[in-house]
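Chemist: A single structure is presented below for examination.
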Amino acid sequence: MTDLTPEQRVAELGLVIPDYADPPYGQRYGTVKAFHRSGRLVLLGGITSESRDGERLHPGVLGAGLTVEQGYLSARQAAVNCLGMVRYAIGSLDEVTAIPRVQVFVAAVPAFEEHHLVAAGMSDLFLEVFGPEIGTTARATMGVTSLSRRNSVELWPTFESRDAAREAEL
């Protein structure tokens, strides 16, 4: 791993990070909060592999038409989308100091046993962008029967930022 910053690594990797500064966020999902800041923690809402215009990458169910490789790519794209949301929340990926935990939901048939290989798409992307010290995260991966809009993967991450959220002046 070179001494590049996360923002520099994103550029080097050629990642296209969505811009969530251009609302509306959550229009397809009703009234939701995109993220919540509590001190140095940034808790994102559920993030899928959907593009800003709603196009889904590999919708469906693992083990019923979708392969582990497609699930991996969906988890990786959902992680890229997380980068866009955390950038929106704190201004720059360079301000991320840790990714304490990520819950990974994988739409799968009951007999599917390789949820961890799907979740690796997220883990690998965070390692590539943030390096092992910041990018290694605790994760829980759960198989579910379905996700909103037939998404195959949904991430629910928590990031830690360098600075605490500023409280609004009263």
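The values are calculated or read from the model by the stated rules, or taken from the named source; none is laboratory data. These numbers come from a predicted model, not from an experiment. Note: ideal-geometry Cβ built from the backbone for every residue, glycine included; neighbour counts use all protein chains shown.
Chemist: Applying the selection to region 33-68, what residues are part of a loop (DSSP other than H, G, I, E, B), in contact (Cβ under 8 Å) with a residue 12 or more places away in the chain, more than 15 Å from the chain's Cα centre (by Cα) and surrounded by 12 or more Cβ atoms within 10 Å (Cβ to Cβ)?
Modeler: ARG40, HIS58, PRO59, GLY60, VAL61, GLY63
Chemist: Please verify whether VAL86 is farther than 12 Å from VAL153 by Cα, at pLDDT 95 or above and of a type in the set (Val, Ile, Thr), treating the condition exactly as stated.
Modeler: Considered against the rule, which asks whether it is farther than 12 Å from VAL153 by Cα, at pLDDT 95 or above and of a type in the set (Val, Ile, Thr), VAL86 comes out as yes.
Chemist: Condition (residue is farther than 22 Å from GLY39 by Cβ and either touching a residue at least 24 places away in the same chain (Cβ under 8 Å) or among the acidic types (Asp, Glu) (or both)) applied to region 88-102: is it met by at least one residue?
Modeler: Looking through region 88-102, none of the residues is farther than 22 Å from GLY39 by Cβ and either touching a residue at least 24 places away in the same chain (Cβ under 8 Å) or among the acidic types (Asp, Glu) (or both).
Chemist: Restricting to region 132-170, what's the tally of residues that are touching a helix residue (DSSP H, G or I) at 6+ places or on another chain (Cβ under 8 Å) and of a type outside the set (Ser, Thr, Tyr)?
Modeler: Summing the residues that are touching a helix residue (DSSP H, G or I) at 6+ places or on another chain (Cβ under 8 Å) and of a type outside the set (Ser, Thr, Tyr) in region 132-170 gives 14.
Chemist: A follow-up question, please. Filter region 87-111 down to residues that are more than 14 Å from GLY46 (Cβ to Cβ) and of a type in the set (Val, Ile, Thr) and give me whichever is surrounded by the fewest Cβ atoms within 10 Å (Cβ to Cβ).
Modeler: Applying the filter and picking the extreme gives VAL109.
Chemist: If I filter region 3-18 down to residues being at pLDDT 95 or above, assigned to a loop (DSSP other than H, G, I, E, B) and farther than 15 Å from ALA78 by Cα, which single residue comes out as farthest from the chain's Cα centre (by Cα)?
Modeler: Only one residue tops the list, namely LEU4.
Chemist: Right, next: For region 119-147, how many residues meet the condition of being loosely packed, with under 12 Cβ neighbours inside 10 Å and in contact with a Gly (Cβ under 9 Å, 6 or more places away or on another chain)?
Modeler: 0
Chemist: Go through region 112-170 and give me each residue that's under 14 Å from LEU93 (Cα atoms) and aliphatic (A, V, I, L, M).
Modeler: LEU125, LEU127, VAL129, ILE134
Chemist: Related question: Determine which member of the set SER92, SER161, SER152 is under 22 Å from TYR20 (Cα atoms) and touching a His at 6+ places or on another chain (Cβ under 6 Å).
Modeler: Residue meeting the stated conditions: SER152.
Chemist: Let me ask another. Name the residue that is modelled with the highest pLDDT, counting only residues in region 157-170 that are surrounded by fewer than 18 Cβ atoms within 10 Å (Cβ to Cβ) and of a type outside the set (Gly, Ala, Ser).
Modeler: Only one residue tops the list, namely GLU160.
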